[in-house]
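Please read the structure below before turning to the comments.
Any read-out appearing in this document is the output of simple, stated calculations on the displayed coordinates, not a laboratory observation. Everything quoted here is computed from the prediction, not taken from an experiment. For neighbour counting, all protein chains shown are included, and Cβ atoms are generated from backbone atoms with ideal geometry for every residue, glycine included.
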Amino acid sequence: MKKNNIILLILITSIFLSGCKKYLEIPVEGLKTEEDVFTNYESFKDFVDYTYSYNVDPINDCMNASASMGGEAVSATAYLTAYAGPRGLYNNFNWSIGWQGKIWETAWKGIRHTNVGLANLDKLIANQDDKDLIEGQLRFFRAYFHFLLISNWGSMPYIEQVLDVETMKQNRYYEYKDKYDYQACTEHIVEDLDIAISDLPVEWENATINLGRVTKVASLALKAKALLYAGSPMMNKYSRNSAVFDKEYMERAAHAANEVIKYAEDPTYTCALVPLTGDTEEEKVESYVHIFCHTDGSVPWGPEIIWGHYPQVSAAWRSPLSEDQASPIWATFGHYFQNTMPRLFIPAQLQRSPFPMTENPTQNYVDKFEMADGSLYDVSYDSDNSRRWADRDPRFKMNFYVDRDYCGYKQDEPSFNIEFWTTDKDGNHVLGQTRSGGGALEPYTMRKFWPKGINEVDVPKANPVFMVPYLRMADVYLMYAEACNEAWGTPSTVSFAEAILTPLEAVNKVRTRVGAVPLNASGQPVPAPSIGQIYPDFRSAIRNERAVELSYEGSYWYDLRRWELGPKLANTPIYTLNFSEDWKPESFVRVELLKRIYESPKHDWMPLKDSYKYYESFPQNEGWD
């Protein structure tokens, strides 16, 4: 009965902005159960637990969408993110199973849900520690949902009450604590996170039962990211300032990230940058992939994961067959991956699926992965068989499969030979099986989230679980390095008294963990490479490091925009690489696929659909009228 009551109350919190009256209606049944739900700790905890369901996985919750919107991936399938993103077709994301559409739909529901909980906190009969755990989680989520909204759509009202007809019309642009608009909303976010930081534990007791719960560390990391974004040039511009870094916000972001790093550097806590294991290159590659995908059914929530979407498996996507039967080909992506990632990143031929749609890493993004000596990739290497896909940053192999790679273990299965060539040995212009069977526009496919051998031939009884983290330790180290560098500009010295690392040390922790060469304070590899280009400065090195280390985790598009780099990429080509089956050096030719579309201010923010607006006169983002 208690669960039924909770479900009824949860229904009250659902928000449907397309119809104001419907959104505000409260079922009579819900009113009868509030005392029962909010006075008892266990039932209140159940109410809080439901808040986690409003979280959005950047892939798993969005059947045909990823977070690859910045040109890091491309697709021939019109309803995939990697098709619309580089073309500036942001309205394509605004449907319910698109990435942004899902965020808008669930974030406002989550905000109302947290406000209902916080409004009833005084009813809870419990000790102070239990009250703090309830309030801390609700505060974290209210801040988190607002952060998702403003990082996509710009300045939004910060809703701290359960709205009714009289309070519905909230100002979109406003002042708070001498800050305006985007930064004003950020100040509200920080206030909530500061309470969450004081209320929540660094680690929950009984880690198995409480796996995935938000913590003090998650709150600190989100605070660092919120402040970093608020102080970035684009967000500063949209807070009635200039398009430059706000040093005050960078300093605050550095301090918050430093607090997370303190826990990571303390061996008594579990959060840490996970060292890779294995003696061979292949073993180290699989160790890195293991951060994001486990093959034994366990959740990949190791010490590196600070915050993410706890995987929820939908029965609709599972194989209907019993355990002693082989999985049908069509059910591969449901039975083996427990998410929709293969629909996005793995060509159909490689997973033996009849769904020929895929998002492929672009040649431009692959170019960001350095050479093994730390020098930058040069286009002339395209025709060099010893350098093009070899002698690269170790994360190249950790992220991508290329032509002639084999993605299985059983050597008698030729269908797992990856073939991305465009011309056969006789010079005929035909496509390799992987490129033609998977609809691939580029000669690359994802390995980062796909352990080798996960298919119905090699491991038919495997039970992989995959997750894209929202926050992980590598991200925090890089946020810290960026914030310190922009605030104080001293990469090789400690930026403030409490800091335990220099910005340079933070970057090199991320790099050396995977076997990449360290950098010096000028962003140059150590030792200096004998040939090849290098980064012009430490800022450029940090930016590229974020693109490489956090590839396909949903950071790149946000980074491009907040750094004001979107307009600089406008009308620049996205390339693919064509070549012959026998790898004749002269056959490797870059071909332009399309030109990026980015118009500022239009593409600085996502558009608001009419159904998104609080009320008829709620301001639309510029350029989308």
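Each listed q (0.13, 0.14, 0.19, 0.20 Å⁻¹) maps to a log10 I(q)/I(0) for the stretch 502-625 from the Debye sum over equal C-alpha point scatterers, namely -0.82, -0.90, -1.15, -1.18. Sorting 589-601, 107-119, 273-285 by their mean Cβ neighbour count within 10 Å, with the most densely packed peptide first, gives 107-119, 589-601, 273-285. Overall, the stretch 460-595 carries a charge dipole of about 180 debye about its Cα centre when +1 sits on the Cβ of Lys and Arg and -1 on the Cβ of Asp and Glu, all other atoms neutral.
Dimensions of the stretch 440-532 from C-alpha coordinates, computed as largest minus smallest value along each principal axis and given longest first, are 55, 37, 24 Å.
Could you sort 208-215, 226-233, 370-377, 46-53 so that the peptide with the highest average Cβ count within 10 Å comes first and the rest follow in order?
In decreasing order of mean packing, 208-215, 226-233, 370-377, 46-53 become 226-233, 370-377, 46-53, 208-215.
Note on the stretch 388-502: the C-alpha convex hull projects to 11.7 nm² when averaged across all orientations. Using R0 = 30 Å, the C-beta based FRET efficiency linking Arg240 and Glu498 works out to 0.45. Taken about its Cα centre, the stretch 128-259 carries a charge dipole of about 620 debye when Lys and Arg each add +1 at the Cβ and Asp and Glu each add -1 at the Cβ. In the stretch 115-225, inverting the average of 1/r over every pair of distinct C-alpha atoms gives 15.0 Å as the Kirkwood radius.
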